[in-house]
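Q: Dumping the structure here so I can ask a few things about it.
The values are calculated or read from the model by the stated rules, or taken from the named source; none is laboratory data. All of these numbers come straight from a predicted model, not from anything done at the bench. Cβ coordinates were reconstructed from backbone atoms using ideal geometry, including for glycine residues, and neighbour counts include every protein chain displayed.
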Amino acid sequence: MTAVTANAVSLSWYEASARQRIDALLDAGSFSEFIGPELREISPHLSIFDLPEQFDDGIVVGRGRLDGAPVLVAAQEGRFMGGAFGEVHGAKLAGLLRAARALKHDVLILFDTGGVRLQEANAGELAIAEIMRAVVEARRAGVNVVGLIGGRAGCYGGGSLIAGTCSRLIISEQGRLSVSGPEVIETNQGIEEFDSRDRALVWRTMGGKHRYLIGGVDMFVDDEALAFRQAAIDALKAGKRCDVAVLEAEQARLKRRLQRFGEAEDAVEIWRTLGIGNPSDVPALPTAAFLRAANDRENADGAR
Amino acid sequence: MSDWGMQKAALGERRAAGRQHAKGKVVPIPNLPALLAAVIRSGDRVCLEGDNQKQADILATALANLDHRDVHDLHMVQSGVVLPSHLDIFEKGIARRLDFSYSGPQSARIARMLFGGKIELGAVHTYLELFARYFIDLTPNVALIAAVSADKDGNLYTGPNTEDTPTVVEATSYKNGLVVAQVTEIVDKVPRVDIPGDLVHFVVEANRPFYVEPLFTRDPAAITETQILTAMLAIKGIYAPYGVRRLNHGIGFNTAAIELLLPTYGEKLGLKGKVCTHFALNPHPTMIPAIESGWVEQIHCFGSEVGMEDYVAARSDIFFTGPDGSLRSNRAFCQTAGLYACDMFIGSTLQIDLEGHSSTVTTSRIAGFGGAPNMGSDPRGRRHPSEPWLKAGAEAAPDTNAALRRGRKLVVQIGETFGERNTPLFVERLDALELAHKLDLDLAPVMVYSDDVTHIVTEEGIANLLMCRSKDEREQAIRGVAGYTDIGRARDAKLVEQLRQRGVIQRPEDLGIDPLDADRNLLAARSIKDLMLASGGLYRPPSRFRNW
């Protein structure tokens, strides 16, 4: 534990709401919200479809302290429209990132999203592009942008693209990170390609362990708010570079990864190629044993 | 009648016809169609084994592939109409009449076929009732059953999913019927003899296991806080005061929540050892935490549950297991146990009307009953006393002579006032009545009759129908826990308040329950993985339930 205490003793990140996650992540009592629910900044589109709105449009943004240091934070609420990006939702995150660049404060993004809202797709897609640009600009200005992934909705679609631009990503076993979701793949390519109801298949393809093993994320933690907090503290201490050399290194790594694993039919084959003994046991491994087995994972340390 | 022994002679002819396609009793799988065509005669009463869990799926497909010019007008008598092939048999004109019990996944198609006249319906039964009729007026001429393995003499090992097999074979084989079994493999010696070989005429080696549906697995991750509140109400407001030790739980998230609250909330109330010690119940994965923390003494099972095999085998102190170590389930015995030896049934339903009748039928779906109406009924033939039974009887008839007073089984319906897709649980008129009208049935398919229901639990509170003294009180007690549904909003506030004063309706606050305490943190397991961990790795959840 650090000198500054957190709020929660034990809280499942997967189960928690956006606000519970922020409370447990930041130093106790340090959070203050921007554009809170009392301002009722709701979606201008949902009422057209007779859909319920929320006063925070499914995302909580604000400032607080992490281990004493000032940070900006955004948390998506996966239980409202699957945490999907709409116009207001997206604008709140884009604005936060621009503020981060101006204030030189690090940013924590607590992803919990299925991607863009279909009902406000144009505004949502635009927001994704603006947010990615804002992340890169903030990073170029020397700001860390750390993504935390472990909510029920996972991190899909536009959310996964934003995650790809972050300086560090933290994930739990329950977390999922992928551009296309299981149902989307099945709908487009057929059940032979991907059985979205086979949850074990979904998790070994998109889940936290696999993403960690192939270098899609940087840190793997237990599904505990305090574990996410400690990992976020550590992540902010890591390098802040974001330049051509870093991008080229990442490009080279992705090319290597495709050569190495491109023929694999299933995640288990990749794990075997990585040299993990008993690769089919990976899903059942508890965290400590998994981290030991993951010693020779693909990693993106040089590329972020 | 002069020619006695004609049935035995007819069986002899069928066996001789079948032997053309077999080597001894063993039928190579390519010969299966020819075998069925040889032993099944048009107009036969055929029992195709299959219930809400296990399926003789290979035999079902083979039967559906027969030519209706060779075999037609069959009368199917079977527990479950579950596989598409079960209805293909009717679609293709191989069978005409149907007596069954459960049709879960085929509920919409079976309704369409009934409306279209493709199926001539005998009746929708409870399992036990259908089994009973196998021995009286629905005895099969041919039974097509499923087992794990067989030896060449036909001795069968049914493994953990024995379920209906002994009953079906008993009724068929001892009444000159013919029995064909599909088995995964033929072995030299079966691990245990569940069905003696001399009752089995032919075995088909399928080279793959019969299908089993994991119907009783409820993912704790999907349990809502409202369901947790209903579970807290049931535990504190019914389990505790009646001291319910012997019971059955229906399928559903409300009862799964109860199971997961026993080691936490139940423990806090000091109920361990006082409630929930003996069950007629399938091996629900959500029972693992309660079993592991020493709540449960004994469980007898209707069937098994996919992934629970090793756990059950390792907990033979709790479950019934054979000399081979694996579970022995038996649906007929367990249904009997649930009827006569349990003091309570608690389960969810889709619709409850103002009298308290409940039904899972909607106008476009006929899901059948399975065992619920049997579990959820008061057995008038019961004679042994127990504390909950006597207490419930006294509440129903306080003024009668105690020594002459029947006890009452507690039959509890539990649910949220608005169910899936915000459909109200409470209705003015059951859809089952509409269906009965459209199909010209003598009886509306009611799952639990109002005179059997003793309590209704929703997030609004508990209605104790035993203590209602008139039709009007009963209606207001139901409206009183119906919340914001149309039924609830039309309540007579004054009468409802009077019922509450008498304890007929108990709100959460009347029981000292704060709805804000209904938190998922109360669940002894919040995910399938928690259940696996609680079992020490013995529970192996099927792929579709794993999020790791």
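Q: Between B:Ala493, B:Ala477, B:Ala482, which is away from chain A (no Cβ under 14 Å), within 29 Å of B:Pro398 (Cα to Cα) and in contact with a Cys (Cβ under 9 Å, 6 or more places away or on another chain)?
A: B:Ala477
Q: Separate question: Within 26 Å of B:Lys494 (Cβ to Cβ), acidic (Asp, Glu), out of contact with any Gly (no Cβ under 8 Å at 6 or more places or on another chain) and assigned by TED's automatic domain parsing to the domain that holds B:Gly376, is that true of B:Asp440?
A: On the way: within 26 Å of B:Lys494 (Cβ to Cβ): no; acidic (Asp, Glu): yes; out of contact with any Gly (no Cβ under 8 Å at 6 or more places or on another chain): yes; assigned by TED's automatic domain parsing to the domain that holds B:Gly376: yes.
In short, no.
Q: Okay, next question. Please verify whether the stretch B:456-466 includes one or more residues that are touching a Gly at 6+ places or on another chain (Cβ under 9 Å), surrounded by 14 or more Cβ atoms within 10 Å (Cβ to Cβ), in a loop (DSSP other than H, G, I, E, B) and within 14 Å of chain A (Cβ to nearest Cβ).
A: No - not one qualifying residue is present in the stretch B:456-466.
Q: Among the residues of the stretch A:212-233, how many are touching a strand residue (DSSP E or B) at 6+ places or on another chain (Cβ under 9 Å) and more than 14 Å from chain B (Cβ to nearest Cβ)?
A: So the count comes out to 13.
Q: Next question, about the same structure. Checking the condition closer than 21 Å to A:Asp222 by Cα and in contact with a strand residue (DSSP E or B) (Cβ under 6 Å, 6 or more places away or on another chain), which residue from A:Thr113, A:Thr205 passes?
A: Sole residue among the options that is closer than 21 Å to A:Asp222 by Cα and in contact with a strand residue (DSSP E or B) (Cβ under 6 Å, 6 or more places away or on another chain): A:Thr113.
Q: Does the stretch B:508-548 hold any residues that are closer than 15 Å to B:Ile228 by Cα, within 12 Å of another protein chain (Cβ to nearest Cβ) and without any contact (Cβ under 8 Å) to a residue 12 or more places away in the chain, and which are they?
A: Matches in the stretch B:508-548: B:Asn521 only.
Q: Still on this structure: State which residue pairs qualify: first residue within 14 Å of chain B (Cβ to nearest Cβ) and closer than 19 Å to A:Ser178 by Cα and inside the stretch A:267-284, second residue loosely packed, with under 14 Cβ neighbours inside 10 Å and at pLDDT below 95 in any location, beta carbons under 7 Å apart, and separation of 6 or more residues or different chains.
A: Within 7 Å, the pairs are A:Val268/A:Ser280.
Q: Quick test of your reading of the structure: B:Leu430 fulfils all but one of (1) surrounded by fewer than 20 Cβ atoms within 10 Å (Cβ to Cβ); (2) closer than 23 Å to B:Gly376 by Cα. Name the failing condition by number.
A: For B:Leu430, the failing item is (1).
Q: Ok, one more. With the structure loaded, tell me whether B:Arg500 is modelled with pLDDT of 95 or more, part of a loop (DSSP other than H, G, I, E, B) and not small (Gly, Ala, Ser) or whether it fails that test.
A: Here the answer is no, as B:Arg500 does not meet what is asked.
Q: On to the next question. Filter the stretch A:241-254 down to residues that are out of contact with any helix residue (DSSP H, G or I) (no Cβ under 7 Å at 6 or more places or on another chain) and not in a helix (DSSP H, G or I) and give me whichever is farthest from A:Arg139 (Cα to Cα).
A: A:Asp243
Q: Please tell me if B:Ala332 is more than 30 Å from B:Asp486 (Cβ to Cβ) and small (Gly, Ala, Ser).
A: It is true that B:Ala332 is more than 30 Å from B:Asp486 (Cβ to Cβ) and small (Gly, Ala, Ser).
Q: Any residue at all in the stretch B:35-57 that's among the β-branched types (Val, Ile, Thr), modelled with pLDDT of 95 or more, within 23 Å of the chain's Cα centre (by Cα) and crowded, with 24+ Cβ neighbours inside 10 Å?
A: yes
Q: In the stretch B:234-257, how many are of a type in the set (Val, Ile, Thr) and farther than 18 Å from B:Ala372 by Cα?
A: Let us first name the residues in the stretch B:234-257 that are of a type in the set (Val, Ile, Thr), namely B:235, B:238, B:244, B:251, B:255.
Checking which are farther than 18 Å from B:Ala372 by Cα leaves us with B:235, B:238, B:244.
Count: 3.
Q: Could you check, for the stretch A:7-26, whether at least one of its residues is farther than 24 Å from A:Gln174 by Cα, assigned to a loop (DSSP other than H, G, I, E, B) and assigned by TED's automatic domain parsing to the domain that holds A:Asp223?
A: no
Q: Now for a different question. Could you grab the pairs with beta carbons closer than 8 Å, sequence gap of 6+ or different chains, first residue in the stretch A:97-126 and in contact (Cβ under 8 Å) with a residue 24 or more places away in the chain, second one surrounded by 22 or more Cβ atoms within 10 Å (Cβ to Cβ) and charged (D, E, K, R)?
A: A:Ala100/A:Asp106; A:Leu110/A:Arg21; A:Asp112/A:Glu77; A:Gly124/A:Arg117
Q: If you don't mind, another one. Would you list the helices (runs of 4 or more DSSP H) that sit entirely within the stretch A:145-211 and hold 3 or more residues that are away from chain B (no Cβ under 14 Å)?
A: Filter on the stretch A:145-211 gives A:158-165, A:182-189.
Q: Can you give me the ranges of the strands (runs of 3 or more DSSP E) entirely in the stretch B:89-196 with at least 3 residues that are at negative phi and touching a Ser or Thr at 6+ places or on another chain (Cβ under 8 Å)?
A: Passing ranges, in order: B:95-102, B:142-150, B:178-186.
Q: Take B:Val203 and decide whether it is assigned to a strand (DSSP E or B), touching a residue at least 12 places away in the same chain (Cβ under 8 Å) and among the β-branched types (Val, Ile, Thr).
A: yes
Q: Quick check on B:Val244: is it assigned by TED's automatic domain parsing to the domain that holds B:Pro323 and in contact with a Leu (Cβ under 8 Å, 6 or more places away or on another chain)?
A: yes
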